[in-house]
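Take a look at the structure set out below.
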Amino acid sequence: MEKENFRKQQRNKRKRSWSSRALLIVATYVCAVFVIAGITVTALLLHKPAVDPTPQFPTDGTTEAPEETTDVAAKPEEPYTRKDGFYTFLIAGVDDVSMSTDVLMLASLDTVNGKINIVQIPRDTFVNKEVGGYTSVTRVNAVFTAAYNRQRSSGATEAKAKHLAMQDLQARLSAALCVNIDEYVLINTTGFRNVIDAVGGIWYDVPRDMDYEDPEQNLYIHLKAGYQHLDGSQCEQLIRYRSGYATGDIGRVEMRGDFMVEALRQVKNNITVGNMISMVPTLINHVSTSMSVADIVSYTKLVYAVDNAGIAVRTLGGSSVQNPATGLWIYYCLNKKEALSDINECLNVYKTDITGEIFDKDGFFTDSKNASNLYINDYYLS
């Protein structure tokens, strides 16, 4: 009897140890991902699971709705049926001060073909305030902010407001892009800095001198061009700098994709158990996710099987568009054909290609009614 009790205690101990281990893996992954501007599916590659868990997500061709969400439809009508072994993630990096999601990515895990695709959505991407339901929101990075502020004004705690705001953003992007997003991860800038420091920093070739200050956001950027070792604060400066690029935020997005690949390689090669342990406080205090520990363990097993060569990064199809009336370049605008092609190639969870008839059918990413925004609609449909 004593021997049997001892065995049970040891089994429970191993289970608890694995749960903690899984959290450490995800912490590393999620954070390395934000370093890289938010990829949430890669640091999982850093450590091989010791168990063979059963996934805790739908496998019957459907995706369960979140417990609390908006009334926005999240998937196309039949006859669309879901692919086997294909999962999607929303990754957002939120600014500590403005609460805007200046880092926004969608990632897919294709276990059948051994691929991970990450699609960046520029922060200045135009959204239609009439469709979005937030009268002051015309950029995608402010959708989370508006939802978060609404929940806080209604009395929700900070954690609850973030959860509901991410669900809102998840539902709106799912409906417009026909992606049917399964999970989300949200990390703030403090968490980003801490994770970079925990892994010992990143070596990177800074493309130009960078000098910019914004006291209101407590943002001070001063970097010299050239290959150098960057700590957490300097990496944050690198990925937040955009004023000196000829193409504005698009220049930053392109640099961020390059930085993502290089940072991932270094983190993957240099991560240690000690690094992972040091990230636990950051994970607890600065990361929010829809995934349970069981989900994390399951995805870890699946992601580990993907070779590094199967990971690709791109920006959702579109361009910065000049307002002909003012001469200003205010928005990044999606081009419907290019964006739809990206969705079908990288993020489509269905066996049948998404068609133009159902893609963004409510016009979340364009405006055909407001005369001042017709130039956006013209580019969107070009």
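The values are calculated or read from the model by the stated rules, or taken from the named source; none is laboratory data. As the structure is a prediction and not an experimental result, all values here were calculated from the model. For neighbour counting, all protein chains shown are included, and Cβ atoms are generated from backbone atoms with ideal geometry for every residue, glycine included.
Select from the stretch 233-257 the residues that are of a type in the set (Ser, Thr, Tyr) and modelled with pLDDT under 75 and write down the one among them that is nearest to Ile196 (Cα to Cα).
Applying the filter and picking the extreme gives Tyr245.
Taking the stretch 144-170 on its own, how many of its residues are of a type in the set (S, T, N, Q) and buried (at least 24 other Cβ atoms within 10 Å of the Cβ)?
Total satisfying the criteria: 1.
Any chance the stretch 334-341 includes a residue that's under 30 Å from Val112 (Cβ atoms), in contact with a helix residue (DSSP H, G or I) (Cβ under 9 Å, 6 or more places away or on another chain) and of a type in the set (Ser, Thr, Tyr)?
no
Which residue pairs have Cβ atoms under 9 Å apart, sit 6 or more places apart or on different chains, and have a first residue in the stretch 369-381 that is among the hydrophobic types (A, V, I, L, M, F, W, C) and a second that is assigned to a helix (DSSP H, G or I)?
So the pair list comes out as Leu381/Lys336; Leu381/Lys337.
For the list (1) surrounded by fewer than 21 Cβ atoms within 10 Å (Cβ to Cβ); (2) among the aromatic types (Phe, Trp, Tyr); (3) modelled with pLDDT of 90 or more, I need the number of the one condition that Phe126 fails.
Failing condition for Phe126: (1).
From (1) more than 20 Å from Met260 (Cβ to Cβ); (2) outside any loop (DSSP other than H, G, I, E, B); (3) in contact with a Cys (Cβ under 8 Å, 6 or more places away or on another chain); (4) not aromatic (Phe, Trp, Tyr), pick out the condition that doesn't hold for Arg314.
(1)
For the stretch 258-305: of the residues being modelled with pLDDT of 75 or more, part of a helix (DSSP H, G or I) and not hydrophobic (A, V, I, L, M, F, W, C), which is nearest to Asn113 (Cα to Cα)?
Out of the qualifying residues, it is Tyr299.
Working only within the stretch 218-234, note down all residues that are without any contact (Cβ under 8 Å) to a residue 24 or more places away in the chain and assigned to a strand (DSSP E or B).
Result: Leu219, Tyr220, Ile221, His222, Leu223, Gly226.
Considering only residues that are in contact with a Cys (Cβ under 7 Å, 6 or more places away or on another chain) and part of a loop (DSSP other than H, G, I, E, B), look in the stretch 327-382 and name the one that is surrounded by the most Cβ atoms within 10 Å (Cβ to Cβ).
Step one: list which residues in the stretch 327-382 are in contact with a Cys (Cβ under 7 Å, 6 or more places away or on another chain), which gives 343, 354, 358-359, 376, 379-380.
With part of a loop (DSSP other than H, G, I, E, B) added as a condition, the list becomes 354, 358-359.
Values: Ile354: 21, Ile358: 13, Phe359: 19.
My answer is Ile354.
Test Thr157 against the criterion of being out of contact with any Gly (no Cβ under 6 Å at 6 or more places or on another chain), among the hydroxyl-bearing types (Ser, Thr, Tyr) and within 23 Å of Ala339 (Cα to Cα), and give yes or no.
Taking the combined requirement at face value, the residue does not satisfy it.
Pairs needed: first member in the stretch 204-217, crowded, with 18+ Cβ neighbours inside 10 Å; second member anywhere, assigned to a strand (DSSP E or B) and among the charged types (D, E, K, R); C-beta distance under 7 Å; at least 6 residues apart or different chains.
none
So Tyr332 fits all but one of (1) within 19 Å of Val140 (Cβ to Cβ); (2) modelled with pLDDT of 95 or more; what number is the exception?
(2)
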